[in-house]
Each structure stands twice: as structure tokens, then as C-alpha cells.
1. Could you work out the relative contact order of region 65-137, using alpha carbon pairs under 8 angstrom and six or more residues apart, expressed as a whole percent?
2. Find, among the GluC sites (Glu not before Pro) in region 14-78, those assigned to loop by DSSP (not H, G, I, E, B) with at most 15 other beta-carbon atoms within 10 angstrom.
3. In whole Hz and in residue order, list the ³J(HN,Hα) couplings for region 86-95 that follow from phi through the Karplus curve 6.51 cos²θ - 1.76 cosθ + 1.60, θ = phi - 60°; x for Gly and Pro.
4. In region 24-109, which chymotrypsin sites (Phe, Trp or Tyr not before Pro) are in a loop and have at most 13 other Cβ atoms within 10 Å, using DSSP for the loop call?
5. Rounded to whole Hz and in sequence order, give me ³J(HN,Hα) for region 115-129 from the Karplus expression 6.51 cos²θ - 1.76 cosθ + 1.60, θ = phi - 60°, writing x for Gly and Pro.
6. Return the whole-Å distance between the Cα centroid of region 61-84 and the Cα centroid of region 89-128.
7. Report the equivalent ellipsoid semi-axes for the chain in whole Å, largest first, defined as the square roots of five times the eigenvalues of the gyration tensor built from alpha carbon atoms.
8. Across the chain, how many lysine pairs, 8 or more apart or on two chains, come within less than 23 Å at their alpha-carbon atoms?
Amino acid sequence: MITALDHIAIAVPDLKKAIERFMQDFGLPFEGTEDVAEAKTSTAFFPLPPTSIELVHPLDGGGPIAKYLEKKGGGLHHLCFRSDNIEEDIARLKEKGYQFLSDGPILGAHNSLAIFIHPKSCDGVLIEINQPAGDHH
Ligand code: CO
């Protein structure tokens, strides 16, 4: 079951500059950065309860965010629903015909399990579903 809007992600061409903007100009609390090898991204999180802002930047210059930045220069990249049982949500949505970008969940930021729904299944919006670490079996 989907229980919360976990985060909203923005793709940024200059992570350091974007972190400074969100800290200094918007005054958001900075939780730190994390490289997510499986998703080939460097991320920065700004908790803004009950959700948070995630800045995403290509890790080592490659991966899907690099392609996105090449095409669009930056922008609103995805939103993420938190699930209390990701396998069950994936199965339910697959049954309804939703397509996913991977066969199963991958390891996301904060050791969560994460999977992306193909944007063409959601009117062009990229939606991630995650299940926080410690919450998955
Ligand atoms: Co995300």
C-alpha cells in the first residue's frame, strides 16, 4: 500500500551549486549526499516533513540522469511514493498493465528498495516506489 509522498526529485547539472541554493536561498535543512551505485546517481536530501526534496546528479558522468540532463538541462525528474510492501504494490500494478524500468526493486538511497514505473504508464510522469530500509523483509 502506498502510504506517503516520500520525495520529489530534481535533476541538477551542478550538484554543489544546487545544494547551496536549497540550503542558503530556501533555508532547507541539508541531510547530506549519498552516491547510489545501482542507480548511477549522486543524491542530496533535504527533509521537508512529511516529504523531502532529492537532488539527483549523474554518478561519474553516466547513467539515466546524464541522458536527462543532456536532453533537458535539468528539471523536475520524478516523484516517489513510499510503500509499506513494495512487492505487493509492484504485483498489483503489473496486473493492471503498468510497465517498470527494472524487473524488480533495486537498492536505492538510504538502503531503501526502489523501483521506477515507466513514464508512459503514468501520463509522462516518472514515478518511483520505495520501501524504507528496515521496513522490508
Ligand atoms: Co528518488
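1. Details: 94 pairs, mean separation 25.5, N = 73.
In percent, rounded to a whole number, it is 35.
2. Sparse-neighbourhood loop GluC sites (Glu not before Pro): E31.
3. 5, 4, 5, 5, 4, 4, 5, 6, 4, 4
4. Answer in residue order: F26.
5. Couplings: 8, 10, 8, 4, x, 5, 7, 9, 6, x, 9, 7, 10, 9, 10 Hz.
6. So the two Cα centres are separated by 14 Å.
7. 24, 17, 13
8. Pairs that pass both the separation and distance tests number 17.
Every number here is computed from the coordinates shown, using simple stated rules; none is lab data. Computed from a predicted structure; not experimentally measured. Every residue, glycine among them, receives a Cβ derived from its backbone with ideal geometry; neighbour counts consider all protein chains shown.
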